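This report concerns only the one structure given below.
The values are calculated or read from the model by the stated rules, or taken from the named source; none is laboratory data. Worth saying up front: this structure is predicted, and the values here are computed from it rather than measured. Backbone-built Cβ (ideal geometry, glycine too); neighbour counts: all protein chains shown. Just the protein is used for accessible areas: all its heavy atoms, side chains included, with ligands, DNA and RNA removed. Shrake-Rupley method; radii C 1.70, N 1.55, O 1.52, S 1.80 Å.
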Amino acid sequence: MFTALVASRLQEARDRERTHAFVDALPTSAPILRKQGFQFVTRTQPFVLKQSR
């Protein structure tokens, strides 16, 4: 399912004549993304804001 979703989004980007596509995904998705032509660029760091009372 994920592979089909990525392929669909990439086709949409091509149809819109885009030259770049970005994805923020877990490391477990890396093999699928590499097969679609993605290259690793950097990591992201998630943060959670805890509201003070």
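Quick look at the numbers
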item: Correct option for Rg and Dmax of the Cα atoms in Å [calculated from the coordinates] among (i) 14.7, 49; (ii) 10.2, 32; (iii) 15.7, 53; result: (i)
item: 0 to 90° range, to nearest 10: angle between helix 2-15 axis and the chain longest Cα axis; result: 70 degrees
item: Lys/Arg +1, Asp/Glu -1 at C-beta; the chain dipole; positive extreme among 1, 36, 48; result: 48
item: Packing-based order for 33-41, 19-27, 2-10, 45-53, using average beta carbon neighbours within 10 Å, highest first; result: 2-10, 33-41, 19-27, 45-53
item: Solvent-accessible area per residue, Å², over the chain with all protein chains present [probe radius 1.4 Å]; result: 105 Å²
item: Two-site FRET efficiency, residue 13 against residue 45, from Cβ-Cβ distance with R₀ of 35 Å, rounded to 0.05; result: 0.85
item: The chain - percent of accessible surface contributed by carbon and sulfur, probe 1.4 Å; result: 55 percent
